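Here's the structure, in structure tokens; my notes come after.
The values are calculated or read from the model by the stated rules, or taken from the named source; none is laboratory data. All values reported here derive from a predicted model rather than from experimental measurement. Cβ coordinates were reconstructed from backbone atoms using ideal geometry, including for glycine residues, and neighbour counts include every protein chain displayed. Just the protein is used for accessible areas: all its heavy atoms, side chains included, with ligands, DNA and RNA removed. Shrake-Rupley method; radii C 1.70, N 1.55, O 1.52, S 1.80 Å.
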Amino acid sequence: MNVSAPSADTLRAALGAVLDGLPPRQAAQAVERLIANYRGATPTHAPVLRDRSDVAAYAAYRMPATFEAVRAALYALADAAPDWTPATHTDVGGGTGAASWAVAEAWDGAARTTVLDWAEPALAIGKELARGVFEAEWRRERVGTALKLADSDLVTVSYVLNELTEADRTVLVTEAARAARAVVIVEPGTPDGYERIIAARTLLVEAGFTVAAPCPHSGTCPIVPGSDWCHFAARVSRSSLHRKVKGGSLPYEDEKYAYVAAARFPVTPAPSRVTRRPQIRKGQVLLDLCGPDGLARETVTKRHGPLYKEARDADWGDPWPPEADEDRRGPTTTDED
């Protein structure tokens with residue numbers, strides 16, 4: 001029986017207990033090296049996390065942000081398939097298990113999780129962090145061309161593709177598509193991260209998957225390559241240790257991420273998705289949207305009644321329009337009108 005429910009607060013508490021006494025200077029030095037790997041400067045087959053001090057630094061630096069980004073992607077999948085619950089979950093390259101924490105929270109620990117990673121110190125600390133919160137198998141496995149996954153309801157691949165060569169990325173996504181009923185892939189919210197997500201999305205669609213989120217369709221992304229990139233932001237609360245390791249003073253940060261969630265079973269994607277922070281002006285809200293017909297800007301004004309308030313409350317990454325009776329929304333306006 002779980003002692004604690006998995007959540008951002010539970011994760012921060014577990015990190016604090018495991019990392020108590022970690023010298024901030026030592027952690028900060030390890031973080032500097034890890035940042036280069038996180039940004040994907042050099043593809044590598046070697047473990048990014050080499051020893052316990054590396055893992056401790058990584059956990060303080062990355063776990064809260066990875067958890068929030070993956071959680072947002074999982075809830076978007078859950079919104080598109082509200083009657084579906086995974087019974088089994090494989091976290092590929094899961095390291096200390098941030099994505100597994102997010103899966104355990106999203107579906108109340110219903111899934112039997114297996115975390116695969118090549119770095120034994122990461123698996124050891126991940127198991128320690130999760131003790132008493134959720135059950136998982138922590139297994140050492142190289143993520144490469146020889147990877148064979150057991151059939152699973154859900155496969156997550158978070159912040160892993162940037163560590164692989166293009167050929168290995170193709171093999172991994174193809175294998176995930178073969179093994180899973182649903183796949184969620186999360187990458188940094190950079191132009192390069194978006195390109196990796198688009199490549200993975202293409203492979204999933206070619207394998208017969210339907211895109212559940214963030215896209216409202218499974219067709220070609222309407223963004224002209226090189227002109228922009230699709231990404232979102234998740235608010236991350238920083239613990240005191242997190243602030244020390246990252247050298248920041250604010251109690252929060254925004255994690256930029258790109259993702260795709262796709263499934264082999266029926267899903268209902270959002271009608272449209274808010275792709276930028278809404279611009280709130282006097283008497284109107286400007287929403288940048290991606291919909292079935294491509295990119296558009298919608299203007300919602302006070303004359304739209306209740307929809308105007310909902311537009312003011314809308315956030316970057318939200319589905320649009322919100323569920324409501326069509327006859328109470330009033331007319332909508334786009335820049336093309």
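In the set (1) more than 18 Å from the chain's Cα centre (by Cα); (2) at pLDDT 90 or above; (3) not basic (Lys, Arg), the condition left unmet by Pro47 is number (2).
When residues in the range 266-303 are screened for being among the hydrophobic types (A, V, I, L, M, F, W, C), in contact with a Pro (Cβ under 9 Å, 6 or more places away or on another chain) and not in a strand (DSSP E or B), 1 of them pass. Just wondering, is there one or more residues in the range 126-133 that are over 24 Å from Ala13 (Cβ atoms) and more than 15 Å from the chain's Cα centre (by Cα)? No, every residue in the range 126-133 fails to be over 24 Å from Ala13 (Cβ atoms) and more than 15 Å from the chain's Cα centre (by Cα). Taking the range 180-226 as the range and being closer than 19 Å to Tyr257 by Cα and among the hydroxyl-bearing types (Ser, Thr, Tyr) as the test, the residues that pass are Thr190, Tyr194, Thr202. Within the range 231-265, the set of residues being assigned to a strand (DSSP E or B), open to solvent by less than 40 Å² (accessible area, probe 1.4 Å) and either at pLDDT below 80 or not β-branched (Val, Ile, Thr) (or both) comprises Phe232, Ala233, Ala234, Glu253, Glu255, Tyr257, Ala258, Tyr259, Ala261, Ala262, Ala263. Scanning the range 121-153 for residues being more than 18 Å from Ser7 (Cα to Cα), open to solvent by 30 Å² or more (accessible area, probe 1.4 Å) and not acidic (Asp, Glu) gives a total of 10. Residues in the range 80-106 that are polar (S, T, N, Q), open to solvent by less than 20 Å² (accessible area, probe 1.4 Å) and either in a loop (DSSP other than H, G, I, E, B) or out of contact with any Ser or Thr (no Cβ under 6 Å at 6 or more places or on another chain) (or both): Thr96 only. If the condition is being among the aliphatic types (A, V, I, L, M) and open to solvent by less than 60 Å² (accessible area, probe 1.4 Å), then the range 156-181 contributes Val157, Val160, Leu161, Leu164, Val171, Leu172, Val173, Ala176, Ala177, Ala179, Ala180. If the condition is being surrounded by fewer than 13 Cβ atoms within 10 Å (Cβ to Cβ) and touching a helix residue (DSSP H, G or I) at 6+ places or on another chain (Cβ under 6 Å), then the range 281-295 contributes only Gly283. So is Gly109 open to solvent by less than 10 Å² (accessible area, probe 1.4 Å) and either in contact with a His (Cβ under 8 Å, 6 or more places away or on another chain) or of a type outside the set (Val, Ile, Thr) (or both) or not? No; evaluated as a whole, the condition is false for this residue. Output the qualifying pairs, or none if there are none: Cβ atoms under 7 angstrom, residues six or more apart or on different chains, first residue in the range 103-121 and on the phi > 0 side of the Ramachandran plot, second residue of a type in the set (S, T, N, Q). Matching pairs, first to second residue: Gly109/Asn2.
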